[in-house]
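The values are calculated or read from the model by the stated rules, or taken from the named source; none is laboratory data. Small disclaimer: the values here were computed from a predicted structure and weren't measured. Counting neighbours? That spans all protein chains shown, and the Cβs are built from the backbone with ideal geometry, glycine included.
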Amino acid sequence: MKEGFRQAMAWLHTWAGLVFGWLLFAIFLTGTLSYFKDEISHWMQPEVQAHAVDDARSLGVAQNYLQHVAPDAARWIITLPNSRDPGLLVMWQDKLDPGKRGNFNQKTLDPTNAQAVEARDSMGGEFFYRFHFQLQMPHPWGRWLSTFAAMVMFLALITGIITHKKIFKDFFTFRPRKGQRSWLDGHNAVGVLVLPFHLMITYSSLVIFMTMVMPAPILASYGGDARAFFNEVFPASNNAPAQGVPGKLLPLPALYEQARAQWAGGHVGRIAVNNPSDVNASVNMFRAGSDKVVHDFGSVVQFNGTTGELLQVSDEQSLPTLVAGGFFGLHMGHFAGPVLRWLYFICGLAGTAMIGTGLVIWLGKRQLKHAKTAVMPFELRLVEVLNIASMSGLLIAIAAFFWANRLLPVSFAERSGWEVQTFFIAWGLSLLHAVLRRGRQAWVEQLGFAALLFMAVPLLNALTTSQHLGVSLVRGDWAMAGFDLTCLASGAFLAWAAWKMQRRTVPQPKAQRPRPLHLKQEAN
Amino acid sequence: MLLALLMCYAGFTALCLATDRHHGELLHSKPSPRRRQGLRLAGWALLAIAIWPAVSADGWALGLVEWCAVLMLSALLLVLLLPYRPRLALILAGVGLLVSPVAAFAAL
């Protein structure tokens, strides 16, 4: 009976893992990249230069600029630079008739000289972040598919724990250079050792979309009026309407200091000013997500903009929002400093590697049976092609995305759209390549090509911008330098993987299967 | 975080040495039952006590997250080092134990 149960779980683990493995690999890798979303965006918009962070100066510059450019706007939104994202972002919403929403305008400013920066049009790291839960699909479908994939992932984790009999006995075991055995060891090692992360990231992804996945409690309690639920959970700050009497807005840095005092020195991430030219102007200071592990969905301090009167300080979180915010915060890792952020990144890579090794094992096991026949059955060939395209192909696509960012002319129409197109075109071509070439050659060529692309990224950066490693390292711009160095390291790792696989073909004529990448090192 | 990392790494090394297989591989002998018991106890104790430096430096919320992260990383590091550089894996644990009082002192 016991064995029967375990076998059933193994069956489920095998097939759920196979069918969703390719998608999950892409979700995990792009999600892992999203931990460095801001750094990637910084690299992809090199026009926005990094400066020492000085909130008071930034805020003064932003207020001055907006007062000049958009004194009559309905709302200003200022996002302060931080050590990860150097851009001082100002947005303003045009004033329109009541009931209509005005257009948003957006500019990035240089906090040192108060000039608007003409940064190239690029989605930057936002693309990976969006892709990892929307999958470039129309609105609800991508979210549903990725959430469903997360459920399958959760299932695969639990069935994996049940299937893996000797978790504690084999806890420290990794035996390299033993073919199929090593793959299984590696799969178990990255699975078990980083299991807390895997469980946290998968479960929290379900919590993040819980209102979408399980709306029944909301519908039952609020009589189908989901909006009422959201209004209650995320109360909008009540901003006083404009009186129509012109007023003078106080300097924002002073209010900023008061807000920080309310949070015992916490940081301000974003500032929204409603009706900035009105006597009833209101200033909302939103707390930066980097302050706390538990994500607070609306920690805000509100002032009257002309008198400086403190209008509202948001309440402490209730227990349910605390729990949800905890999972949300853990998943996103906004609070993580540089070291912890790298640990998050490594854990994400381990998750990606777990999925990749699982896919390789599935194929390797079955190929052994067909070692003597010259032609592989169609279904195995299909899995092989998809393995290659979903793993090494994705790496090529990511590198192509970075290359497009540097090579497309700055004035190119729909530029950021074309960067994304390049990503998918490269991915599609790698699928075609995997179909046309034999398995092992396809692996070697694609890994080699990806290695080349990644290793050349610092060179490309040096040729196309003035922010090469010599400059960024000297200036201490670690986001820029770190991106270049990580690309270089990833390229070196991929080259090693390609070399390993190439070499493997010679001494091992028995159909020992491709030896693809085993720990996906990825760009910043 | 460094102190927690050093302690976790040493703790996992102790737990690893408490198994017959790895003790044999690393030290070429079979551990006596008492030694095995001692190593196991020391290993678990190190892992558990490593919570303290993390929490005392950064509070419960961040401290626990850091402790978990360090726990996973140190185990991963040890397991990847063992087959390739077993001596280095052991030396690191020893050095870690030696350095940790210094790190603790620096954190005070």
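A quick yes/no check of all residues on (1) under 30 Å from B:LEU78 (Cα atoms); (2) under 28 Å from the mean Cα position of the chain (by Cα); (3) among the small types (Gly, Ala, Ser); (4) exposed (fewer than 12 other Cβ atoms within 10 Å of the Cβ):
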position	(1), (2), (3), (4)
A:PHE174	yes, no, no, no
A:PRO215	no, yes, no, no
A:ASN239	no, no, no, no
A:ALA254	no, no, yes, no
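Is one or more of the residues making up the stretch A:263-273 touching a helix residue (DSSP H, G or I) at 6+ places or on another chain (Cβ under 6 Å), farther than 24 Å from A:LEU89 by Cβ and either surrounded by fewer than 21 Cβ atoms within 10 Å (Cβ to Cβ) or within 13 Å of chain B (Cβ to nearest Cβ) (or both)? No, that holds for no residue. Applying the condition of being part of a helix (DSSP H, G or I) and at the interface with chain B (Cβ under 10 Å from one of its Cβ atoms) to the stretch A:313-340 and asking which residue is farthest from A:PHE197 (Cα to Cα) yields A:VAL339.
Considering the stretch B:1-45, and only residues there that are of a type in the set (D, E, K, R) and out of contact with any Leu (no Cβ under 9 Å at 6 or more places or on another chain), the residue that is nearest to the other protein chains (Cβ to nearest Cβ) turns out to be B:ARG21.
Taking the listed residues B:LEU41, B:LEU64, the one that is over 25 Å from A:LEU199 (Cα atoms) and part of a helix (DSSP H, G or I) is B:LEU41, with no other qualifying.
Quick check on the stretch A:372-387. Is at least one of its residues crowded, with 19+ Cβ neighbours inside 10 Å, assigned by TED's automatic domain parsing to the domain that holds A:ILE40 and under 22 Å from the mean Cα position of the chain (by Cα)? No, the stretch A:372-387 contains no residue that is crowded, with 19+ Cβ neighbours inside 10 Å, assigned by TED's automatic domain parsing to the domain that holds A:ILE40 and under 22 Å from the mean Cα position of the chain (by Cα). Given the structure, is A:LEU155 more than 30 Å from A:MET44 (Cβ to Cβ) and among the aliphatic types (A, V, I, L, M)? Considered against the rule, which asks whether it is more than 30 Å from A:MET44 (Cβ to Cβ) and among the aliphatic types (A, V, I, L, M), A:LEU155 comes out as yes.
Quick one: in the stretch B:61-87, which of the residues that are farther than 19 Å from B:LEU2 by Cβ and more than 9 Å from chain A (Cβ to nearest Cβ) is surrounded by the fewest Cβ atoms within 10 Å (Cβ to Cβ)? Checked the stretch B:61-87; the qualifying residue surrounded by the fewest Cβ atoms within 10 Å (Cβ to Cβ) is B:ARG87. Taking the conditions (1) of a type outside the set (A, V, I, L, M); (2) at pLDDT 95 or above; (3) in contact with a strand residue (DSSP E or B) (Cβ under 6 Å, 6 or more places away or on another chain) in turn, A:GLN93 satisfies each one other than (2). Listed conditions (1) over 17 Å from A:LEU340 (Cβ atoms); (2) in a helix (DSSP H, G or I); (3) not acidic (Asp, Glu) are all met by B:LYS30, apart from (2).
Looking only at the stretch A:217-233, residues that are touching a Phe, Trp or Tyr at 6+ places or on another chain (Cβ under 8 Å) and surrounded by 13 or more Cβ atoms within 10 Å (Cβ to Cβ) come to 5 in all. If we keep just the residues of the stretch A:341-353 that are at the interface with another protein chain (Cβ under 7 Å from one of its Cβ atoms) and in contact (Cβ under 8 Å) with a residue 24 or more places away in the chain, which is nearest to the chain's Cα centre (by Cα)? In this case the residue turns out to be A:CYS347. B:TRP52 meets all of the listed conditions (1) within 13 Å of chain A (Cβ to nearest Cβ); (2) within 30 Å of A:HIS295 (Cα to Cα) but one, namely (1).
Restricting the stretch A:180-198 to residues that are surrounded by fewer than 17 Cβ atoms within 10 Å (Cβ to Cβ) and more than 11 Å from every other protein chain (Cβ to nearest Cβ) leaves a set whose member that is nearest to B:SER74 (Cα to Cα) is A:ARG181.
The set of residues in the stretch A:155-179 being hydroxyl-bearing (Ser, Thr, Tyr) and more than 9 Å from chain B (Cβ to nearest Cβ) consists of A:THR159, A:THR163.
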